[in-house]
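Data block below; observations after.
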Amino acid sequence: KTGQPPLYIWISYIFFSLFGPTLPVVVGLKFISLATLYILIFHLARLFTQNNAWSVIAGISVLGIYYISWDAILNYSQTALLAALSVALIHALVRLAISPSSGWFSYIWLGIVIGAGIMTKYNFIILVIASLFAASMDLGLRKKLLRRGFLSALISVIIMLPHAYWLLNNHTSSGLLV
């Protein structure tokens, strides 16, 4: 789809280079995105419940959402990846919130998720802003984000930099900036 950032196209290109430009590769990429979504919901539920049975139910429950369980298989590719990255964003913030001493990996993971999400669809920035605003309401999480959040911001900017450079230098052909 035109007017979207290039991450899904870049991932598709890598898969096509490795396995050839075939329909199973396209479908496989979509199923990897959906499987990632289910797995991240499972892990997010496990962070909250510490109960594997409820976590499995939470992961499987997503199959009850028509737009994810069926329509995404038929129609949406970038949206399936965006859904997985949206859950990854919440997962990254919850990990930071509940971990007494968040290591550098948590901040790196948050930066990767933010950068990849914005590179998947531009409207991901709305979720990032809303999630960071909500996260700032928690005193402990706010302190962690203010203390080491610069690393997450730096990583997300590095991920977005090549596309931003291209976008600024080719704005007339993209139709996004006038």
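Couple of notes before you dig in:
- Residues in segment 8-23 carry Karplus couplings, in order, of 4, 5, 4, 5, 4, 4, 4, 5, 5, 5, 7, 10, x, x, 10, 4 Hz; the curve used is 6.51 cos²θ - 1.76 cosθ + 1.60 with θ = phi - 60°, and Gly or Pro positions show x.
- Stokes-Einstein D (µm²/s) once Rh is taken as the Kirkwood radius of segment 22-63 over alpha-carbon pairs, at 10 °C in 1.306 mPa s: 147 µm²/s
- The lysine pair tally for the chain, using Cα distances under 28 Å and a gap of 8 or more places or different chains, is 4.
- Solvent-accessible area assigned to carbon and sulfur over the chain amounts to 73 percent, based on a 1.4 Å probe.
- Stretching D71 away from A153 to a fully extended chain increases their span by 26.2 nm, per 0.36 nm per residue minus the current alpha-carbon distance.
- Label corresponding to semi-axes √(5λ) of the Cα gyration tensor in Å when calculated from the structure given, among (i) 27, 24, 13; (ii) 43, 16, 13; (iii) 123, 11, 8: (i)
- Selection from I11, L167, S136, by position along the positive dipole direction of the chain (Cβ): S136
- Summed over qualifying helices (DSSP H, 4 residues or more, each -39500 (n - 2.57)) and divided by its residue number, the chain shows a 222 nm mean residue ellipticity of -26000 deg cm²/dmol.
The values are calculated or read from the model by the stated rules, or taken from the named source; none is laboratory data. Quantities reported herein were computed from a predicted structural model and do not represent experimental measurements. FYI the Cβ positions are ideal-geometry reconstructions off the backbone, even for glycines, and counts take in every protein chain you see. Note: areas computed on protein heavy atoms with side chains; ligands, DNA, RNA excluded. Shrake-Rupley method; radii C 1.70, N 1.55, O 1.52, S 1.80 Å.
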